[in-house]
1. If residue 205 meets every condition in (1) among the aromatic types (Phe, Trp, Tyr); (2) open to solvent by 40 Å² or more (accessible area, probe 1.4 Å); (3) over 26 Å from residue 92 (Cβ atoms) apart from one, which number is that one?
2. Within the stretch 57-66, can you find the residues that are open to solvent by 30 Å² or more (accessible area, probe 1.4 Å) and not in a loop (DSSP other than H, G, I, E, B)?
3. Return the residue satisfying two criteria in turn: it lies in the stretch 183-195 and is over 28 Å from residue 61 (Cβ atoms) and of a type outside the set (Lys, Arg), and of such residues it is least open to solvent (accessible area, probe 1.4 Å).
4. For residue 76, state whether it is away from the ligand (no atom under 16 Å from the Cβ), within 23 Å of residue 179 (Cα to Cα) and not β-branched (Val, Ile, Thr).
5. Among the numbered criteria (1) modelled with pLDDT of 95 or more; (2) within 16 Å of the ligand (Cβ to nearest atom), which one does residue 193 miss?
6. Hey, could you check the stretch 67-88 for residues that are free of Cβ contacts under 8 Å to residues at least 24 places away in the same chain and in a helix (DSSP H, G or I) and say which is least open to solvent (accessible area, probe 1.4 Å)?
7. Taking residue 197, is it in a helix (DSSP H, G or I), under 29 Å from residue 5 (Cβ atoms), under 17 Å from the mean Cα position of the chain (by Cα) and not basic (Lys, Arg)?
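The values are calculated or read from the model by the stated rules, or taken from the named source; none is laboratory data. Keep in mind that what you see is a predicted model, and the values were worked out from it rather than measured. Because the Cβ atoms are built from the backbone with ideal geometry, glycine has one as well, and the counts that use them run over all protein chains shown. For accessibility, only protein heavy atoms count, side chains too; no ligands or nucleic acids. Shrake-Rupley method; radii C 1.70, N 1.55, O 1.52, S 1.80 Å.
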Amino acid sequence: MLKVENISVHYGMIQAVKEVSFEVNEGEIVSLIGANGAGKTTILRTISGLVRPSSGTITFQGSQIEKETSPNIVQSGLVQVPEGRHVFTGMTVMENLELGAFLYKDKKESEAILKRVFERFPILAERKNQDAATLSGGEQQMLAMGRALMSRPKLLLLDEPSMGLAPIFIKEIFSIIEEIKAQGTTVLLIEQNAKMALSIADRGYVLETGKVVLKGSGKELLDSPDIQKAYLGG
Ligand code: ATP
């Protein structure tokens, strides 16, 4: 579904991503893990069209997208939930969700999808008339995910959904990610929380200083002594 081939990204003189290749097949959860600064966010932003690669190709559902604009990429079904959530404060929960529905011309269609988002995140239904600023961190993460789901993505890109959340919310967010997959959306997840990210992943890739250094099934990586030592404190 998504094929990233030999992507390099530079910020001025700094090379943040070095000839990275990986793929995501339809129906999978794929996790990219790695320490702070390994290049994870840069890779997601490159896939979303927010950063241009200096070389390499990105193919989504058979079309090359590394030169496409972000709105076209979103429209093709590839939607990112950015790091730090970015909900719009000063707007209600409902208004935030409506922003995710901008692709629909048909009101019935957007109402149907809103109903499904509220079923998945009942707390958002309860709080729909509240300012997004009044939500807790975990609820804001749910709102950001709900807003992305409003555009009915084929592939959802999640940037550190567990960041800054209490353990109970982290568990909930990860179980929601599994539900999203069960309902047919493919997921590319980047995380510093390697244990959680690998435990729900079909496959994973480990990044170090801009390079893929290890890949395997979620279970293989979780069981790998190198990963245990470097990321899981074991
Ligand atoms: P984090 O978890 O902190 O977001 P990351 O693995 O996502 O880390 P990136 O944010 O992609 O890593 O950063 C990769 C490298 O690129 C780092 O060395 C970082 O300092 C550098 N970098 C990121 N954004 C920029 C930018 N806008 N300008 C210059 N350098 C940048």
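1. (2)
2. The first filter runs over the stretch 57-66 and keeps only residues open to solvent by 30 Å² or more (accessible area, probe 1.4 Å), leaving 57, 59, 61-64.
Correct list: 57, 59, 63, 64.
3. Within the stretch 183-195, the subset over 28 Å from residue 61 (Cβ atoms) is 192-195.
Now narrow it down to the ones that are of a type outside the set (Lys, Arg): 192-194.
Details: 192: 90, 193: 46, 194: 3 Å².
The qualifying residue least open to solvent (accessible area, probe 1.4 Å) is 194.
4. On the way: away from the ligand (no atom under 16 Å from the Cβ): yes; within 23 Å of residue 179 (Cα to Cα): yes; not β-branched (Val, Ile, Thr): yes.
Considered against the rule, which asks whether it is away from the ligand (no atom under 16 Å from the Cβ), within 23 Å of residue 179 (Cα to Cα) and not β-branched (Val, Ile, Thr), residue 76 comes out as yes.
5. (1)
6. 70
7. Details: in a helix (DSSP H, G or I): yes; under 29 Å from residue 5 (Cβ atoms): yes; under 17 Å from the mean Cα position of the chain (by Cα): yes; not basic (Lys, Arg): yes.
Yes, satisfied.
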